[in-house]
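Quick one: structure below, then a few questions.
The values are calculated or read from the model by the stated rules, or taken from the named source; none is laboratory data. Keep in mind that this is a model prediction, so the values were computed, not measured. Note: ideal-geometry Cβ built from the backbone for every residue, glycine included; neighbour counts use all protein chains shown.
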Amino acid sequence: MDILRSAAERGMHFLETLSERSVAPHPDALAALDQLDIPLPAEGIPAEEMLKLLDEIGSPATIGTAGGRFFGFVIGGTLPATLAANWLAGAWDQNAGLWAGSPIASQLELVSLRWLRELLGLSESWGGAFVTGATMSNFACLAAGRSALLRNIGWDVERDGLFGAPEITVVIGDEAHPTLTKSLGLLGMGRDRVQRVPVDDQGRIRADCLPRLDGPALVCLQAGNINTGGFDPIRQICGQVPEESTWIHVDAAFGFWAAASPSRRHLMDGIALADSVCTDAHKWLNVPYDSGIALVREPEALRRAMSLSAAYLPENERREPSHYTPELSRRARGVEVWAAIRTLGRAGIREMIERNCRQAARFAEGLEAAGYEILNDVVLNQVLVSFGDADRTQETIKRIQEDGTCWCGGTQWQGRTAMRISVCSWATTDDDVELSLAAMLRCAEQA
């Protein structure tokens, strides 16, 4: 067990010294990665030697996403409590696909799903599943929707497939996230065989442009635009479409957590009228990768789409997790979600979300006061800033990344080149924000 103690010590040292490091790795650390590229070894090395090599070469070549000054993507850090739960669950070595394979993992999934329903204000009829991330969460939710819509008109898509099946209209916004269209492709429904609806200046679907729907339809909405943080008008659109023949899916990969904030819960207004919701726990709940969650109003539709049967697999009268997810064998993701919610509670989640939103507003305020253009309404945790023309903005982003105080990435937003600031880490302090803001302004002046 000495190797496990050594790994824990090295991991703790990495986290304890993270704030002293550049958020982006130095060029010499990247160059050192070539030392790992050797021919297939004929003989192994002692575990401690392997771990030393991994730590000394690998740790300096990481991006500081676990710290408080990474704002490049919607990537949360990892709460110490959830990392600890992850380590313990790793030691348990549980296969969470079956109750018989792990009663503890199955139980914690049930409890966590109930807590998530309560956080979102959903009824007890809703069910769900733990998957890898937003891509597979979208996939699972849309598969359930496809199953329900076709079953309602007499077609068993799980048995008979899509060949000859009645057509389903798929409606998405022009700012739908690529993981949604990827999921549609994986389901055989086509990435481009969709009706795209125009959006407003915040990337929100224009309800007045929604097409008339006469037959079975999947309408895909967004709660938290990846660039602006904007929310589609969920309640309004739910009221416009035929309830019996439409499945409303909401991609709330990070916007889901607005429900925990009294001041921002209104952004999710109407979510209980939807049929499915996708979210990521490894974003704003700050649990380790990979942790996506699919929630559906009609759990039986998800079960039809995902279930499997095999003579060698035992069945339990309790919920069998493998009947609701694409995977059979998988790790116990629900342990970390349970740990986060049990540790933070409703109050702790609310504080984290509201603090990050306040910090995002501070970035926007400071940048705008210095004369730079904020391109979005900062309603959540996303800030889009232009430092001038495209060349100057890109040069500023490059300098910020090289400076190492913080890390932000570039994006294209409705014809404009911009830098995106995403604030979604438990570890981000107000001091981190001020330090990062000063670095941004310094680099913008140099550019």
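Here are Arg204, Arg212, Arg196: which of them is of a type outside the set (Val, Ile, Thr) and surrounded by 18 or more Cβ atoms within 10 Å (Cβ to Cβ)?
One residue alone meets the criteria, Arg204.
On to the next question. For Arg399, indicate whether it is farther than 29 Å from Asp174 by Cβ, under 26 Å from the mean Cα position of the chain (by Cα) and free of Cβ contacts under 8 Å to residues at least 60 places away in the same chain.
no
Next up: Considering region 365-374 alone, what residues qualify as being in contact (Cβ under 8 Å) with a residue 24 or more places away in the chain and either acidic (Asp, Glu) or crowded, with 22+ Cβ neighbours inside 10 Å (or both)? Spell out how you get there, then give the answer.
Taking region 365-374 and keeping what is in contact (Cβ under 8 Å) with a residue 24 or more places away in the chain, we get 366-367, 370, 372.
Once the filter is applied, which keeps residues that are in contact (Cβ under 8 Å) with a residue 24 or more places away in the chain and either acidic (Asp, Glu) or crowded, with 22+ Cβ neighbours inside 10 Å (or both), region 365-374 yields only Leu367.
What number of residues within region 393-421 are surrounded by 21 or more Cβ atoms within 10 Å (Cβ to Cβ), hydroxyl-bearing (Ser, Thr, Tyr) and in contact with a strand residue (DSSP E or B) (Cβ under 6 Å, 6 or more places away or on another chain)?
Of the residues in region 393-421, 1 are surrounded by 21 or more Cβ atoms within 10 Å (Cβ to Cβ), hydroxyl-bearing (Ser, Thr, Tyr) and in contact with a strand residue (DSSP E or B) (Cβ under 6 Å, 6 or more places away or on another chain).
Please give the helices (runs of 4 or more DSSP H) falling wholly within region 1-62 in which 1 or more residues are modelled with pLDDT of 95 or more, closer than 20 Å to Gly77 by Cβ and touching a helix residue (DSSP H, G or I) at 6+ places or on another chain (Cβ under 9 Å). Talk me through it step by step, then tell me what you get.
Details: elements: 2-16, 27-31, 47-53.
Filter on region 1-62 gives 2-16.
Here's another thing I want to ask about it. If you check Tyr324 against the conditions, is it among the aromatic types (Phe, Trp, Tyr) and farther than 17 Å from Val131 by Cβ?
When the stated conditions are applied, Tyr324 does not pass them.
May I ask you to verify whether Ser322 is of a type in the set (S, T, N, Q) and touching a Ser or Thr at 6+ places or on another chain (Cβ under 8 Å)?
Yes; evaluated as a whole, the condition is true for this residue.
Looking for whichever is touching a helix residue (DSSP H, G or I) at 6+ places or on another chain (Cβ under 9 Å) and either farther than 19 Å from Val296 by Cα or among the aromatic types (Phe, Trp, Tyr) (or both) here; the options are Ala207, Ala274, Ala217, Ala176. Which one fits?
Ala207 is the lone residue from the list that is touching a helix residue (DSSP H, G or I) at 6+ places or on another chain (Cβ under 9 Å) and either farther than 19 Å from Val296 by Cα or among the aromatic types (Phe, Trp, Tyr) (or both).
Considering only region 216-263, state which residues are free of Cβ contacts under 8 Å to residues at least 60 places away in the same chain, out of contact with any Leu (no Cβ under 8 Å at 6 or more places or on another chain) and under 18 Å from Leu119 (Cα atoms).
Once the filter is applied, which keeps residues that are free of Cβ contacts under 8 Å to residues at least 60 places away in the same chain, out of contact with any Leu (no Cβ under 8 Å at 6 or more places or on another chain) and under 18 Å from Leu119 (Cα atoms), region 216-263 yields only Ala252.
Another question about this same structure. If you scan region 219-258, which residues turn out to be among the aliphatic types (A, V, I, L, M) and under 15 Å from the mean Cα position of the chain (by Cα)?
Ala223, Ile226, Val250, Ala252, Ala253, Ala258, listed by residue number.
A follow-up question, please. Please work out which one of (1) in a loop (DSSP other than H, G, I, E, B); (2) at pLDDT 95 or above; (3) over 30 Å from Gly229 (Cβ atoms) is the condition Gly68 fails and give its number.
The number of the failed condition is (3).
Another question, then. Determine whether Ala310 is closer than 24 Å to Gly145 by Cα and of a type in the set (A, V, I, L, M, F, W, C).
In short, no.
List, please: which pairs have Cβ atoms under 7 Å, are six or more places apart or on different chains, and start with a residue in region 274-295 that is at pLDDT 95 or above and end with one that is of a type in the set (Asp, Glu)?
Asp275/Glu298; Cys278/Asp251; His282/Asp290; Val287/Glu336; Pro288/Glu336; Ser291/Asp280; Ser291/Glu336; Gly292/Asp280
Taking region 244-295 as the region of interest, how many residues are over 25 Å from Arg146 (Cβ atoms) and assigned to a helix (DSSP H, G or I)?
The total comes to 7.
Read through the list (1) surrounded by fewer than 12 Cβ atoms within 10 Å (Cβ to Cβ); (2) small (Gly, Ala, Ser); (3) closer than 30 Å to Asn227 by Cβ, then give the number of the only condition that Ala61 fails.
Result: Ala61 passes all but (1).
Okay, next question. Identify the single condition in (1) without any contact (Cβ under 8 Å) to a residue 24 or more places away in the chain; (2) surrounded by 11 or more Cβ atoms within 10 Å (Cβ to Cβ) that Arg5 does not satisfy, given that it satisfies every other one.
Of the numbered conditions (1) without any contact (Cβ under 8 Å) to a residue 24 or more places away in the chain; (2) surrounded by 11 or more Cβ atoms within 10 Å (Cβ to Cβ), the odd one out for Arg5 is (2).
Then there is this: Taking interchain pairs and intrachain pairs at least six residues apart, which have beta carbon atoms under 8 angstrom, with the first residue in region 299-321 and basic (Lys, Arg) and the second part of a loop (DSSP other than H, G, I, E, B)?
Every condition considered, the pairs that remain are Arg303/Tyr324; Arg318/Trp99; Arg319/Trp99.
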